[in-house]
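The structure appears below as structure tokens.
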Amino acid sequence: MRMHAFDSEEITGSSDDGREGERVAPAPRLTSPRRVNIRAEVVAGLSLAAVGIPISMGYASVAQMPLSTALYTMIVPAIAYGIFGSSRHLVVSADSATAAILAAGLIGLAPAASGNYVALAGLVAGMTGLALLLARIFHLGFIANFLSRTLLAGFLMGVAVSIAFQQLPKMLGIPDVSGTPLAVLWTLLQRWHEVSIPTLVVSAACIVVLLVGTRLKSLPTEFVVIVIGIAVASALGLQQWNIQTVGDIQGGLPVLLMPTVPYGAWPQLITTALSLMVVILAQSTSLARAYAAKYDEPFDAHHDLVGLGVANLASMASGSFVVNGSVTKTAIADRMGSRTKWAVVVSAGVALVVVFTLTGALSRLPAAVLAAVVLWIALGLLQTSTLRLLFRQRRDEWVISIATAAAVILFGVEFGVLSSVGLCLLNHVRHGYHPKNKLVTFGADGRLLIHGLAERHQAAPGLFVYRFQAGLYYANVEQMLDDVRELSGPDVPRCICIDFSAITDVDFTAGQVLLTMVERATALGIHIAFSHVSDEVANELRASGVAESDLIEFDAHVHALVRRYEAEAS
């Protein structure tokens, strides 16, 4: 039996959007009358901290934030989501995609990791939290649906490549290298003679350990690499070999500062916050929904927006940066047996101890070791299996995915997200604009048969049953007109029955073109019939006058038409 600490009785009633009888996830609680498997939650929490701390430090490096802020994301924001969020499984913390977007949004506004940079990052987290709460109030959660899996696969590939190139200079010991992946690569090629061999050896050793660790799935390899790196640096004094460390890490409570916003920077900050909101909506909602389905639990996406919004407001108030549902940490907690949010509480407690007692040890960590861990995490973002499936099944979506990755790599994550959403919408419009329309016939056993238009298969002598495969609107109605004109010759049929089963909407322009089409067909002696017209579409056809035309056999029965024309032919 699975026990849930953040649980209460499921309720049935009216949801926020008016749907009756829907299962709605109750607000989770830190206390519950149900029993909790304390041992499993503690083990999961310790494992979550062991892996989450070095990973979060890597994300702080990606966001160009002080490493201490990574620890802060694991404390107050994580617990805030646990209290206000809907999912019992989602772990909210620093994340690679949002860290990359944050860094891109703050470029040029303040020096990286400076006090004002941290303050601006907190401001963006607060703005993102408010945007998520507004999305909840105005029911804007549907925005996440515009980030398809195709887009996310390409987006994560672009983020992975960008993060990897950011870490290469640190792994090679070449200082002061930044910019786009192409700029970094060009700089490294020009400065190859500056490579620090000892730093390169340390980086290579870390990658080898991480590779070996993939075969030991129960071992928190990233944590082991971090511990070994600190121990070796402390014992051998690697700085004498010109191997740089991550530097001082501030311990204790965060220092909160009021941000100084440069003149004209508000549009950049707002755009960054909105980009973060969309990515958080897509990733966190889809991840939480997947785990709810796995355990057959209720999930309320609207309620979850409150948890995500409050978590980001808590980030602003606790000196950290924007947080998101973490794929890696959620999977770790689930694999170690956590079924409640108590594992997050244990993990937060460990992070709190580290903040107050172990930051001195963390400051001795070689920068190359942390860079190797971040590179390893970035490579884990590559969804190669998804890309292979796309290439085999939907070549057009594969192209969009690759284009998304290229946009992120060449122009940055914000432009990549916005441009790829536009590409997905254009691809969707393209399918609706030029649908693959069909002809319908019936076999001897009455089974429905589908044919291409070029085959000109008649359902009965002189009868075409034509199925339009999309909603009918101003941009694609000419396609129907062309198809009917093509079916009208060379042998003029006696009747063309238009199957409306796939048509869910007919706009004003389409209605007027339908009237013109019917008049032209009638002039050629062709009878036009409509079948399978839904009530909604029928109302739209009446409003445009199509349904009132005496030239149309409205809401015809296809089988009756087939029998009629077969009888007339015989």
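The values are calculated or read from the model by the stated rules, or taken from the named source; none is laboratory data. Fair warning: this is a prediction, and the values are worked out from it, not measured in the lab. Heads up, the Cβs are rebuilt from the backbone with ideal geometry, glycines too, and the neighbour counts pull from every protein chain shown.
Between F356, F415, the distinction of being in a helix (DSSP H, G or I), modelled with pLDDT under 90 and among the aromatic types (F, W, Y) belongs to F415 only. The set of residues in the stretch 319-347 that are among the aliphatic types (A, V, I, L, M) and either buried (at least 24 other Cβ atoms within 10 Å of the Cβ) or in a loop (DSSP other than H, G, I, E, B) (or both) comprises V322, V323, A333, M336, A343, V344. Selection within the stretch 85-122: residues that are among the hydroxyl-bearing types (S, T, Y) and within 24 Å of the chain's Cα centre (by Cα). The member of this set that is nearest to K294 (Cα to Cα) is S87. The set of residues in the stretch 205-220 that are over 27 Å from A113 (Cα atoms) and assigned to a helix (DSSP H, G or I) comprises A205, V208, V209, L210, L211, V212, G213. When P175 is tested against the conditions (1) closer than 20 Å to A60 by Cβ; (2) assigned to a helix (DSSP H, G or I), the lone failure is (2).
Taken as a whole, the structure places K329 among residues that are in contact with a strand residue (DSSP E or B) (Cβ under 7 Å, 6 or more places away or on another chain) and of a type in the set (K, R). Taken together, the residues in the stretch 151-177 that are among the charged types (D, E, K, R) and surrounded by 22 or more Cβ atoms within 10 Å (Cβ to Cβ) amount to 1.
Of the numbered criteria (1) modelled with pLDDT of 90 or more; (2) loosely packed, with under 13 Cβ neighbours inside 10 Å, the one Y473 fails is (2). Looking at this structure, is T214 among the hydroxyl-bearing types (S, T, Y) and either under 30 Å from L352 (Cβ atoms) or surrounded by fewer than 15 Cβ atoms within 10 Å (Cβ to Cβ) (or both)? For T214, the condition - among the hydroxyl-bearing types (S, T, Y) and either under 30 Å from L352 (Cβ atoms) or surrounded by fewer than 15 Cβ atoms within 10 Å (Cβ to Cβ) (or both) - is met. Every listed requirement among (1) surrounded by 15 or more Cβ atoms within 10 Å (Cβ to Cβ); (2) more than 24 Å from S570 (Cα to Cα) is met by V429 save one, (1). Taking the conditions (1) closer than 25 Å to W266 by Cα; (2) of a type in the set (A, V, I, L, M); (3) over 22 Å from the mean Cα position of the chain (by Cα) in turn, V76 satisfies each one other than (1). Only one of the listed residues (I402, I450) is among the β-branched types (V, I, T) and assigned by TED's automatic domain parsing to the domain that holds H532. That residue is I450.
Checking T522, T509, T504 one by one, the residue that is touching a Leu at 6+ places or on another chain (Cβ under 8 Å) and of a type in the set (V, I, T) is T522 and no other.
Can you tell me which residue within the stretch 422-434, out of those that are under 13 Å from D396 (Cβ atoms) and in a helix (DSSP H, G or I), is nearest to the chain's Cα centre (by Cα)? Per the criteria, the residue is C424. Of all the listed residues (F391, F468), the sole one being among the aromatic types (F, W, Y) and in contact with a strand residue (DSSP E or B) (Cβ under 9 Å, 6 or more places away or on another chain) is F468. The helices (runs of 4 or more DSSP H) located wholly in the stretch 435-547 that include 3 or more residues which are closer than 18 Å to L561 by Cβ occupy 508-523.
The combined condition, being within 17 Å of G462 (Cβ to Cβ), in a helix (DSSP H, G or I) and either in the same structural domain as F468 (by TED's automatic domain parsing) or of a type in the set (S, T, N, Q) (or both), is fulfilled by A560. Residues in the stretch 235-261 that are of a type in the set (A, V, I, L, M) and either assigned to a loop (DSSP other than H, G, I, E, B) or exposed (fewer than 15 other Cβ atoms within 10 Å of the Cβ) (or both): A235, L236, I243, V246, I249, L253, V255, L256, L257, M258, V261. Taken as a whole, the stretch 8-26 holds at least one residue that is β-branched (V, I, T), at pLDDT below 50 and surrounded by 17 or more Cβ atoms within 10 Å (Cβ to Cβ).
Based on what the data block shows, is P298 outside the structural domain of L352 (by TED's automatic domain parsing) and either touching a residue at least 40 places away in the same chain (Cβ under 8 Å) or part of a helix (DSSP H, G or I) (or both)? Against the criterion (outside the structural domain of L352 (by TED's automatic domain parsing) and either touching a residue at least 40 places away in the same chain (Cβ under 8 Å) or part of a helix (DSSP H, G or I) (or both)), P298 does not qualify. Can you pull out the residues in the stretch 263-281 that are touching a helix residue (DSSP H, G or I) at 6+ places or on another chain (Cβ under 9 Å) and not β-branched (V, I, T)? Within the stretch 263-281, A265, Q268, L269, A273, L274, S275, L276, M277, L281 meet the criteria. Residues in the stretch 381-397 that are in contact (Cβ under 8 Å) with a residue 40 or more places away in the chain and either over 17 Å from G416 (Cβ atoms) or part of a helix (DSSP H, G or I) (or both): 5 in all. When G82 is tested against (1) under 20 Å from the mean Cα position of the chain (by Cα); (2) assigned to a helix (DSSP H, G or I), just one condition goes unmet, and that condition is (1). What is the number of the single condition among (1) out of contact with any Lys or Arg (no Cβ under 6 Å at 6 or more places or on another chain); (2) more than 30 Å from A205 (Cα to Cα); (3) surrounded by fewer than 16 Cβ atoms within 10 Å (Cβ to Cβ) that L379 does not meet? Going through the list (1) out of contact with any Lys or Arg (no Cβ under 6 Å at 6 or more places or on another chain); (2) more than 30 Å from A205 (Cα to Cα); (3) surrounded by fewer than 16 Cβ atoms within 10 Å (Cβ to Cβ), L379 breaks only (2).
Taking the listed residues Y263, Y291, the one that is among the aromatic types (F, W, Y) and free of Cβ contacts under 8 Å to residues at least 24 places away in the same chain is Y263, with no other qualifying. Count of the stretch 382-411 residues, restricted to those that are surrounded by fewer than 20 Cβ atoms within 10 Å (Cβ to Cβ) and among the hydroxyl-bearing types (S, T, Y), is 3.
Would the stretch 508-525 turn up any residue that is in contact with a strand residue (DSSP E or B) (Cβ under 6 Å, 6 or more places away or on another chain), free of Cβ contacts under 8 Å to residues at least 12 places away in the same chain and farther than 20 Å from Q458 by Cα? Checked against the condition, which is being in contact with a strand residue (DSSP E or B) (Cβ under 6 Å, 6 or more places away or on another chain), free of Cβ contacts under 8 Å to residues at least 12 places away in the same chain and farther than 20 Å from Q458 by Cα, the stretch 508-525 yields no hits at all. Whenever a residue of the stretch 339-367 is on the phi < 0 side of the Ramachandran plot, its partners that are in a helix (DSSP H, G or I) and polar (S, T, N, Q), lying with C-beta atoms within less than 6 angstrom and at least six residues away or across chains, give the pairs R364/S234.
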